[in-house]
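Engineer: Quick one: this structure, given as structure tokens, is what I'll be asking you about.
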Amino acid sequence: MSEIRYDLLHDEYALIAPERLHRPDCYRTLREEESADHRNCPFCPGHEAMTPPEIFSLRDGGDPNTPGWKTRVVPNLYKAVQIEAPWQSEEVGIYTLWEGLGAHEVIVDTPRHLTRMDGWSENEYFNWLYTLRSRVNDLRNDIRLVTISLFKNHGHYAAATQTHPHTQLIALPVVPKETVVQMERAKHYFDRRRHNIFESVLHQERSDAKRIVLESDRFIAFCPYASTFAFETAIFSKNGIVSVSDLDEPMMRELGGVLKQTIDALYEELGDFDFNILFNTPPLQKNSETETFYDDIPHIWRFGIRIVPRLFRLGGFELESGIQINPVLPEEAASLLKTALKALS
Ligand SMILES: [Zn+2]
């Protein structure tokens, strides 16, 4: 039987329709052999001159823009916005325009030209999280920037254009409507029930105990009840942190371990697959768009990461209705991932 499930956090429906999956293994992706030729890769060590000068690098020594780095951050060569633009809006008749102010950065996650994330070591996860935190904390000092989107596109179906592991960051002087709507819903939920919406979800997941993949002291990985994508996995903080900015080094080690186990289990189950990773960073500044909820963020929000496998392409129904058809029950996905974890340990 298919089910229409309501996603409390995102105010969306998912159509969970397992009968649309004809063969149990038909979601396994077969990737054509990618070329192992790194000669033209702008993100490989030794090719630093192929990118704009670095904004940040994690390294034990050596000069900027030379090999020896563990992670490296550069402006996106094809950036959608730039930090040098003037900080003013302009009225164009009834419309408002900003001159492309913002930051668009590429984080090169590791010097290794790995095409699969299950090859990452725990240190690589730690260095990656450390670098993301450094960039968010640095950009937080620029009061013009109000929101930061941190995301990773991996593979063709997830819109990646470089095979070398990388993450992107876009910071903007405006707040996307989706963010405002989600924050205001979280505040409304808290005002009405005196309870954090994320903690309510975790409480329900614990009591159902059917969709949890793994837990550490401070983090939990689970397949959300109304997953819009097959094998979608969320990792939430179990303590009070709200953003990647709040992670201290022991937490980064712990989260790196949970991420590694979750991603390794997904590879074990799905084969080589395309995916997006999304961080739910709350707005950075209080302004006219965020003042209704900004001071309440510590009560209403919790840090989370979504790993979204891109196994199927969108069809007309999804485009027309905005409702995703997910052919894999989240309970089934969690159970398969737990089995994969056992096989890996
Ligand atoms: Zn490379």
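Engineer: Go ahead and run the numbers for FRET between Leu77 and Lys286, Cβ-Cβ distance against an R0 of 41 Å, rounding to 0.05.
Structural biologist: On the way: r = 33 Å, r/R0 = 0.81.
That pair, Leu77 with Lys286, gives E of 0.80.
Engineer: Just subtract the alpha-carbon distance of Asp118 and His38 from 0.36 nm times their residue separation and send over the number in nm, one decimal.
Structural biologist: Details: separation 80, 0.36 × 80 = 28.80 nm, distance 1.94 nm.
Between Asp118 and His38, full extension yields an extra 26.9 nm.
Engineer: Would you kindly derive the ³J(HN,Hα) couplings of region 324-337 from the backbone phi angles with the Karplus curve 6.51 cos²θ - 1.76 cosθ + 1.60 (θ = phi - 60°), listing them in order in whole Hz, with x for Gly and Pro?
Structural biologist: Each residue of region 324-337 in turn: 8, 9, 10, x, 10, 4, x, 5, 5, 4, 4, 5, 5, 5 Hz.
Engineer: Which pairs in the list Lys210/Lys260; Lys79/Lys152; Lys177/Lys286; Lys238/Lys342; Lys152/Lys342 are over 19 Å apart, alpha-carbon to alpha-carbon? Before the final figure, lay out each step's value.
Structural biologist: Details: Lys210/Lys260 21 Å; Lys79/Lys152 15 Å; Lys177/Lys286 16 Å; Lys238/Lys342 23 Å; Lys152/Lys342 27 Å.
From Lys210/Lys260; Lys79/Lys152; Lys177/Lys286; Lys238/Lys342; Lys152/Lys342, over 19 Å: Lys210/Lys260; Lys238/Lys342; Lys152/Lys342.
Engineer: Treat every Asp and Glu Cβ in the chain as -1 and every Lys and Arg Cβ as +1, leave all other atoms uncharged, and give the resulting dipole magnitude about the Cα centre to the nearest 20 debye.
Structural biologist: About 500 debye.
Engineer: Once you treat every alpha carbon in the chain as an equal point and sum by Debye, what is log10 I(q)/I(0) at q = 0.09 Å⁻¹?
Structural biologist: At q = 0.09 Å⁻¹ the computed log10 ratios are -0.51.
Engineer: Once each part is reduced to its C-alpha centroid, what is the distance from region 299-345 to region 257-289 in angstrom?
Structural biologist: With region 299-345 and region 257-289 each reduced to a Cα centre, they are spaced 11 Å.
Engineer: Ordered by packing density, taken as the mean number of other Cβ atoms within 10 Å over each peptide's residues, highest first, how do 291-297, 162-168 rank? Don't skip to the answer; put the middle values down first.
Structural biologist: Working: 291-297: 15.0, 162-168: 19.7.
In decreasing order of mean packing, 291-297, 162-168 become 162-168, 291-297.
Engineer: Moving to a separate point now. Need one word for region 82-212: rounded, prolate or oblate. Basis is the Cα gyration tensor (sqrt eigenvalues a ≥ b ≥ c); a/c below 1.5 gives rounded, then a/b vs b/c decides.
Structural biologist: On the way: a/c = 2.09, a/b = 1.05, b/c = 1.99.
Verdict is oblate for region 82-212.
Engineer: Solvent-accessible area per residue for the chain at a 1.4 Å probe radius, Å²?
Structural biologist: Details: 16740 Å² over 345 residues.
So the chain comes to 49 Å² accessible per residue, rounded to a whole number.
Engineer: Using DSSP to define loop residues, name the trypsin sites (Lys or Arg not before Pro) in region 283-313 whose beta-carbon has at most 12 other beta-carbon atoms within 10 Å.
Structural biologist: On the way: sites: Lys286, Arg302, Arg306, Arg310, Arg313; in loops: Lys286, Arg302, Arg310, Arg313.
Of the trypsin sites (Lys or Arg not before Pro), the ones in loops of region 283-313 whose Cβ has at most 12 other Cβ atoms within 10 Å are Arg313.
Engineer: Follow-up. Go through Ser321, Leu341, Pro309 and say which Cα lies farthest out towards the positive end of the charge dipole of region 306-345; charges sit on Cβ, +1 for Lys and Arg, -1 for Asp and Glu.
Structural biologist: Leu341
Engineer: On to the next question. Considering Cα pairs under 8 angstrom that are at least six residues apart, work out the relative contact order of the chain and quote it in whole percent. List each step's numbers first, then the result.
Structural biologist: Details: 664 pairs, mean separation 76.6, N = 345.
About 22 percent, as a whole number.
Engineer: I need the shape label for region 253-340. Rule: rounded when a/c is under 1.5, else prolate if a/b > b/c, else oblate, with a, b, c from the alpha carbon gyration tensor. List each step's numbers first, then the result.
Structural biologist: Working: a/c = 2.68, a/b = 1.42, b/c = 1.88.
Taking the square roots of the gyration eigenvalues as a ≥ b ≥ c, region 253-340 is oblate.
Engineer: Another one. May I ask you to derive the FRET efficiency for Ala49 and Leu314 from their Cβ-Cβ distance with R0 = 30 Å, giving the value to the nearest 0.05? Working shown, then result.
Structural biologist: Details: r = 39 Å, r/R0 = 1.29.
E between Ala49 and Leu314, to the nearest 0.05, is 0.20.
Engineer: For region 144-196 and region 200-247, what is the separation of their C-alpha centers, rounded to whole Å?
Structural biologist: For region 144-196 versus region 200-247, the Cα centre distance is 17 Å.
Engineer: Can you work out the FRET efficiency for the pair Glu3 and Leu97, with r the C-beta to C-beta distance and R0 = 41 Å, to the nearest 0.05? Before the final figure, lay out each step's value.
Structural biologist: Details: r = 44 Å, r/R0 = 1.08.
E(calc), rounded to 0.05, equals 0.40.
Engineer: Now a separate question. Take the alpha carbon gyration tensor of region 39-99, find the square roots of its eigenvalues, order them as a ≥ b ≥ c, and report rounded if a/c is under 1.5; if not, report prolate when a/b exceeds b/c, else oblate. Provide the component values of the computation, followed by the final result.
Structural biologist: Working: a/c = 4.90, a/b = 2.76, b/c = 1.77.
It comes out prolate by the Cα gyration axes.
Engineer: What is region 186-286's relative contact order, in percent, from Cα pairs under 8 angstrom and six or more apart in sequence? Can you show the working numbers first?
Structural biologist: Numbers: 80 pairs, mean separation 19.6, N = 101.
It rounds to 19 percent for region 186-286.
Engineer: Given the peptides 99-110, 185-196, arrange them by the average over their residues of other C-beta atoms within 10 Å, most packed first. Before the final figure, lay out the partial values.
Structural biologist: Working: 99-110: 21.5, 185-196: 14.8.
Ranking, from highest mean packing down: 99-110, 185-196.
The values are calculated or read from the model by the stated rules, or taken from the named source; none is laboratory data. Note that the structure is predicted; figures quoted are calculated from it, not measured. Cβ sites come from the backbone with ideal geometry, for glycine too, and all protein chains shown count toward neighbours. Only protein heavy atoms, including side chains, enter the accessible area calculation; ligands, DNA and RNA are left aside. Shrake-Rupley method; radii C 1.70, N 1.55, O 1.52, S 1.80 Å.
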